[in-house]
1. When the range 241-258 is examined, which residues are found to be surrounded by fewer than 14 Cβ atoms within 10 Å (Cβ to Cβ) and either in contact with a Pro (Cβ under 7 Å, 6 or more places away or on another chain) or under 14 Å from TYR227 (Cβ atoms) (or both)?
2. Does the range 94-110 include one or more residues that are among the acidic types (Asp, Glu), out of contact with any strand residue (DSSP E or B) (no Cβ under 9 Å at 6 or more places or on another chain) and either open to solvent by 20 Å² or more (accessible area, probe 1.4 Å) or closer than 20 Å to ASN41 by Cβ (or both)?
3. Could you list, in sequence order, all residues of the range 196-207 that are touching a helix residue (DSSP H, G or I) at 6+ places or on another chain (Cβ under 6 Å) and either surrounded by fewer than 21 Cβ atoms within 10 Å (Cβ to Cβ) or farther than 15 Å from GLN172 by Cα (or both)?
4. GLU181: under 22 Å from TYR148 (Cβ atoms), out of contact with any helix residue (DSSP H, G or I) (no Cβ under 8 Å at 6 or more places or on another chain) and at pLDDT 95 or above, yes or no?
5. Take the residues in the range 172-185 that are of a type outside the set (Gly, Ala, Ser) and more than 18 Å from ASN221 (Cα to Cα); name whichever of them is least open to solvent (accessible area, probe 1.4 Å).
6. If a residue must be open to solvent by 70 Å² or more (accessible area, probe 1.4 Å) and either closer than 17 Å to ASP248 by Cα or at pLDDT below 95 (or both), how many such residues does the range 208-219 contain?
7. Name the one entry in ASP119, ASP155, ASP163 that is in contact with a helix residue (DSSP H, G or I) (Cβ under 7 Å, 6 or more places away or on another chain) and open to solvent by 50 Å² or more (accessible area, probe 1.4 Å).
8. Between a first residue in the range 180-195 that is among the aromatic types (Phe, Trp, Tyr) and a second residue that is outside any helix (DSSP H, G or I), which pairs have beta carbons less than 6 Å apart while being 6 or more apart in sequence or on different chains?
Amino acid sequence: MFKKLLLATLIGVSFSTLIYANEIDDLTVKAEQGDVKAQFNLGNAYYNGEGVKQDYKQAAYWFQKVAEQGYASAQYNLGLLYDNGKGVKQDYKQAVYWYQKAAEQGDVIAQYNLAVIYDNGKGVKQDYKQAAYWYQKAAEKGYANAQYNLALIYDNGKGVKQDYKQAAYWYQKAAEQGGVEAQYNLASMYEKGDGVKQDYKQAVYWYQKAADQGYANAQYNLGAHYYNGQGVRQNKQLAKEWVGKACDNGNQGGCDNYRMLNEQGY
């Protein structure tokens, strides 16, 4: 079973609004007078280069003003700038600090990014228990990436007691939102009966979902199910088609089996 951990920190500021050049002067005056909404919008304008030349340093300056007043979206945005070293010197400890502030106020992406940092040990001591805690927070709000990573945490028993039933539950949540790795891992669990009753039809269903998105390992396994007649009616022509697709996407087993089926006249 190939399992892949999704650990990409998301890029993009929260609540960006389109700002035009003729609004910048008025926005700047209001921001300098302490208008919090204007400060936040001006930070977004500088971050996105809307109405002004893109300037991450200015974006960081205005987000800092708003973040210090307790606004979660600005705290998240400031954390993101520190995380990526845009407009400020890259500083994972500062990223953690601001993500945490936003996360504690319920910002779902901040919760996810904070979990990722604990998962990787960037700027903090690696702590799978804290990672699990924040993935759980974001997962319960329906955030698919968090659901997938939480499933992996349960699947591998990192920071929590290993629990295949919980892993399958969260894979399913992410899979239903179209997560290809979640679809593949859920199919694998149905195939092996880990955390769920073994069910080849369900395995085929989820392999098909992932295969249709071009996921090579799922294409290969789907081909194997057609070859063996597990969960589907045996069909070696379809088996050849799917292992061929897996081969095209770089799966060596798919290439080997495509060649074998070709030699057998399918």
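1. Kept after step one, since they are surrounded by fewer than 14 Cβ atoms within 10 Å (Cβ to Cβ), are these residues of the range 241-258: 250, 252, 256.
Listed by number, the list holds a single entry, ASP256.
2. To start, the set of residues in the range 94-110 that are among the acidic types (Asp, Glu) comprises 104, 107.
Retained after the next criterion (residues that are out of contact with any strand residue (DSSP E or B) (no Cβ under 9 Å at 6 or more places or on another chain)): 104, 107.
Narrowing the set further to residues that are either open to solvent by 20 Å² or more (accessible area, probe 1.4 Å) or closer than 20 Å to ASN41 by Cβ (or both) leaves 104, 107.
Within the range 94-110, one or more residues are among the acidic types (Asp, Glu), out of contact with any strand residue (DSSP E or B) (no Cβ under 9 Å at 6 or more places or on another chain) and either open to solvent by 20 Å² or more (accessible area, probe 1.4 Å) or closer than 20 Å to ASN41 by Cβ (or both).
3. First pass over the range 196-207, keeping only residues touching a helix residue (DSSP H, G or I) at 6+ places or on another chain (Cβ under 6 Å): 196, 199, 202-204, 206-207.
Hits for the range 196-207 are VAL196, ASP199, GLN202.
4. Judged against the criteria, GLU181 is not a match.
5. Initial filter on the range 172-185 (of a type outside the set (Gly, Ala, Ser)): 172-173, 176-177, 180-181, 183-185.
With more than 18 Å from ASN221 (Cα to Cα) added as a condition, the list becomes 172-173, 176-177.
Values: GLN172: 50, LYS173: 76, GLU176: 119, GLN177: 107 Å².
Looking at residues that are of a type outside the set (Gly, Ala, Ser) and more than 18 Å from ASN221 (Cα to Cα), I get GLN172.
6. So in the range 208-219, the residues open to solvent by 70 Å² or more (accessible area, probe 1.4 Å) come out as 209, 212-213.
Restricting the remaining residues to those that are either closer than 17 Å to ASP248 by Cα or at pLDDT below 95 (or both) gives 212-213.
Summing the residues that are open to solvent by 70 Å² or more (accessible area, probe 1.4 Å) and either closer than 17 Å to ASP248 by Cα or at pLDDT below 95 (or both) in the range 208-219 gives 2.
7. Details: ASP119 fails: open to solvent by 50 Å² or more (accessible area, probe 1.4 Å); ASP155 fails: open to solvent by 50 Å² or more (accessible area, probe 1.4 Å).
Criteria check complete, one pass: ASP163.
8. TYR184/TYR215; TYR190/VAL196; TYR190/ASP199
The values are calculated or read from the model by the stated rules, or taken from the named source; none is laboratory data. Quick caveat, the model's predicted, so the values are computed rather than measured. With ideal geometry, Cβ positions are generated from the backbone for all residues, glycine too; neighbour counts draw on all protein chains shown. Keep in mind that these areas ignore ligands, DNA and RNA; they rest on the heavy atoms of the full protein, side chains included. Shrake-Rupley method; radii C 1.70, N 1.55, O 1.52, S 1.80 Å.
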